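Participant: Mind having a look at this structure? Questions to follow.
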Amino acid sequence: NAASVINTAKKPLIISGGGVLYSEAAATLGDLAAKRNIPIVETFAGKAAFSDSHPNYAGSLGIAGDACSNAIAEDADVVIAVGTKLQDFTTGSWALFKDPNLKLVTINTARWDATKHLALPVVGDAREALTDLTGRIGNYRAPESWGDTALAEVSQYHAYIDKIAAPDANGDELPSYAQVVGVVDRLAGPDDFALAAAGGFPGEVNNGWRQKALNSFDCEYGFSCMGYEISGGWGAAMALPDKDVTVFVGDGSYLMMNSDLYSSVLSGHKMIVIVCDNG
């Protein structure tokens, strides 16, 4: 069963998906990871279930994700996937995982998604399943060396992001997307909310936005979703009236769907919109 597979792991990894947010399972999953010394990586739909300062948090996984999370995934021998469909953006079309004997435990409400990739399926609500699983794996804890490896990868990656996002990183050239995201990230308060969608920004915010709080991020680009940014930001401003909402939008999306700027002002919902022209 799932517990016995986890108990054999020497290099376990938790993938936290959007279902963790919907189930309000972040606290349960974070507690499990901390007690068992297991790194947590997030899918793009699941980003901001954990703050960047969580001791087990190791970044966003996938083809537009962080180098640290992808490096950890390459070495993992047991993966616990919680509330994720494990689609190609997350798995790199299944190229991220290098261990030929990798074992996969998947917790999902949908049987179809729980059984993908020959996984050992646990069909159920994420929080309830994790609560039950925690009681079944006894005193298991991953080797300390594995936790140290994950921390080293995360530290190295933060140093890289700090370098490319520094104000002087481009010299006299125009600032890059990474620098723009870096400025906002450094100035952001503990409850600030960031939002992006199409173009180059999804990759940059998934890498450079270090979420400070739960549910402080939205990146909608399953079908590119050009034009979502400003209307989505307006919706976030409605839902989160006490928080600063920052929208990152490219010039193409801005030209397609900018009219909700007027609507947000007319209705009194403040948001901060940063328009970047990559030309």
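Participant: Of everything in the stretch 31-79 that's touching a strand residue (DSSP E or B) at 6+ places or on another chain (Cβ under 9 Å) and among the basic types (Lys, Arg), which residue is farthest from Lys116 (Cα to Cα)?
Facilitator: If we take residues in the stretch 31-79 being touching a strand residue (DSSP E or B) at 6+ places or on another chain (Cβ under 9 Å) and among the basic types (Lys, Arg), then Arg36 is farthest from Lys116 (Cα to Cα).
Participant: Inspect all residues belonging to the stretch 154-162 and state whether any of them is over 17 Å from Ala67 (Cβ atoms) and at pLDDT 95 or above.
Facilitator: So far as the stretch 154-162 goes, no, none of its residues is over 17 Å from Ala67 (Cβ atoms) and at pLDDT 95 or above.
Participant: Take the residues of the stretch 237-252 that are more than 10 Å from Cys276 (Cβ to Cβ) and in a helix (DSSP H, G or I): which is least open to solvent (accessible area, probe 1.4 Å)? Explain how you work it out, then say what you get.
Facilitator: So the first thing to find is which residues in the stretch 237-252 are more than 10 Å from Cys276 (Cβ to Cβ), and the list is 237-247, 252.
Narrowing the set further to residues that are in a helix (DSSP H, G or I) leaves 237-239, 252.
Details: Ala237: 5, Met238: 91, Ala239: 76, Gly252: 29 Å².
Step by step, filter the stretch 237-252, then rank; the result is Ala237.
Participant: While we're on this one: Among the listed residues Ala76, Ala34, which satisfies the condition of being open to solvent by 10 Å² or more (accessible area, probe 1.4 Å), under 22 Å from His158 (Cβ atoms) and out of contact with any Gly (no Cβ under 9 Å at 6 or more places or on another chain)?
Facilitator: When all the criteria are applied, what remains is Ala34.
Participant: Looking only at residues that are in a loop (DSSP other than H, G, I, E, B) and in contact (Cβ under 8 Å) with a residue 60 or more places away in the chain in the stretch 103-140, which one is farthest from the chain's Cα centre (by Cα)?
Facilitator: The residue in question is Gly138.
Participant: Scan the stretch 8-17 and give yes if some residue there is among the β-branched types (Val, Ile, Thr), closer than 27 Å to Ala188 by Cβ and assigned to a loop (DSSP other than H, G, I, E, B), otherwise no. First the steps, then the outcome.
Facilitator: Taking the stretch 8-17 first, the residues among the β-branched types (Val, Ile, Thr) are 8, 14-15.
Filter once more, so that each one left must be closer than 27 Å to Ala188 by Cβ: 14-15.
Going one step further and asking which of them are assigned to a loop (DSSP other than H, G, I, E, B), we end up with none.
For the stretch 8-17, residues among the β-branched types (Val, Ile, Thr), closer than 27 Å to Ala188 by Cβ and assigned to a loop (DSSP other than H, G, I, E, B): absent.
A quick yes/no check of all residues on (1) open to solvent by 70 Å² or more (accessible area, probe 1.4 Å); (2) assigned to a loop (DSSP other than H, G, I, E, B):
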{"position": "Val184", "(1), (2)": "no, no"}
{"position": "Gly203", "(1), (2)": "no, no"}
{"position": "Asn206", "(1), (2)": "no, no"}
{"position": "Gln211", "(1), (2)": "no, yes"}
{"position": "Asn215", "(1), (2)": "yes, yes"}
{"position": "Cys225", "(1), (2)": "no, yes"}
{"position": "Gly232", "(1), (2)": "no, no"}
{"position": "Gly235", "(1), (2)": "no, no"}
{"position": "Ser263", "(1), (2)": "no, no"}
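Participant: Here's another thing I want to ask about it. In the stretch 35-69, how many are assigned to a loop (DSSP other than H, G, I, E, B) and touching a helix residue (DSSP H, G or I) at 6+ places or on another chain (Cβ under 7 Å)?
Facilitator: Counting residues in the stretch 35-69 that are assigned to a loop (DSSP other than H, G, I, E, B) and touching a helix residue (DSSP H, G or I) at 6+ places or on another chain (Cβ under 7 Å) gives 18.
Participant: Here is a further query. Which number in (1) assigned to a helix (DSSP H, G or I); (2) open to solvent by less than 30 Å² (accessible area, probe 1.4 Å); (3) aliphatic (A, V, I, L, M) marks the one condition that Ala166 misses?
Facilitator: The number of the failed condition is (1).
Participant: Would you mind finding the one in Ser51, Ser69 that is open to solvent by 10 Å² or more (accessible area, probe 1.4 Å), among the hydroxyl-bearing types (Ser, Thr, Tyr) and under 11 Å from the mean Cα position of the chain (by Cα)?
Facilitator: The conditions single out Ser51.
Participant: Hey, could you check the stretch 186-201 for residues that are in a helix (DSSP H, G or I) and without any contact (Cβ under 8 Å) to a residue 60 or more places away in the chain and say which is surrounded by the fewest Cβ atoms within 10 Å (Cβ to Cβ)?
Facilitator: Step by step, filter the stretch 186-201, then rank; the result is Leu187.
The values are calculated or read from the model by the stated rules, or taken from the named source; none is laboratory data. None of the values given here were measured: they were computed from a predicted structure. Methodologically, a virtual Cβ is constructed for each residue, glycine included, from the backbone with ideal geometry; neighbour enumeration extends over all protein chains shown. The area values use the complete protein model at the heavy-atom level, side chains included, leaving out ligands, DNA and RNA. Shrake-Rupley method; radii C 1.70, N 1.55, O 1.52, S 1.80 Å.
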